[in-house]
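Here's the structure, in structure tokens; my notes come after.
The values are calculated or read from the model by the stated rules, or taken from the named source; none is laboratory data. As the structure is a computational prediction, the values presented were derived from the model and not from experiment. Cβ placement follows ideal geometry from the backbone for every residue including glycine, while neighbour counts extend to all protein chains displayed.
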Amino acid sequence: MSDELARFSKLFSVLDEASRKKLMGLSVKKTFAKGDTLCREGEEGKEFYVLLKGTVTVTGDDLLGRSFALATLEPGEFFGELAALSGQRRQATVTAAEDVEVLCFPPPAVAEVVKASKPALEVLQKAGLHRTEDTMKKMME
């Protein structure tokens, strides 16, 4: 499974085999039905997710409480990295657009792996920065 993830996930592709296996050993596979909420904006971030099957929609609320679309994520993409790495509350709500399967990782597992892999940390940091910038642009529209 870790080799398969390395082929389609940017995060897993930068990890060496030992780190991929270690991270996989700490993961839990979960499924969600279409319409289920995987995580909600403002909640405590308890897990980092890698999407295996299906698509999810990412939405956020503006200062007036209006919801707006941020992204659609597909297999190989990840979310929840900011909450997992920094302990921040969730910055967005993620909902299953169809039946989905995800790998869930507890924050300590993610922290341990990125400590040992500078490229993995860079992938997560760049993704977080890009998402923050994208959210700001969409809020201004």
>> I'd like to check something: does the stretch 90-103 contain any residue that is modelled with pLDDT under 85, under 20 Å from residue 14 (Cβ atoms) and surrounded by 13 or more Cβ atoms within 10 Å (Cβ to Cβ)?
In response: no
> What's the number of the condition residue 4 fails, among (1) closer than 20 Å to residue 95 by Cα; (2) at pLDDT below 80?
Replying inline: (1)
> Restricting the search to the stretch 15-35, which residues are farther than 15 Å from residue 52 by Cβ and surrounded by 13 or more Cβ atoms within 10 Å (Cβ to Cβ)?
Replying inline: 15, 16, 19, 21, 22, 26
>> Here are the criteria: (1) touching a helix residue (DSSP H, G or I) at 6+ places or on another chain (Cβ under 9 Å); (2) at pLDDT 75 or above; (3) over 14 Å from residue 77 (Cα atoms). Tell me which single one residue 34 does not satisfy.
In response: (1)
> Is it true that residue 85 is of a type outside the set (Lys, Arg) and surrounded by fewer than 22 Cβ atoms within 10 Å (Cβ to Cβ)?
Replying inline: yes
> If a residue has to be in contact with an Asp or Glu (Cβ under 6 Å, 6 or more places away or on another chain) and farther than 13 Å from residue 102 by Cβ to count, how many in the stretch 14-40 make the cut?
Replying inline: 1
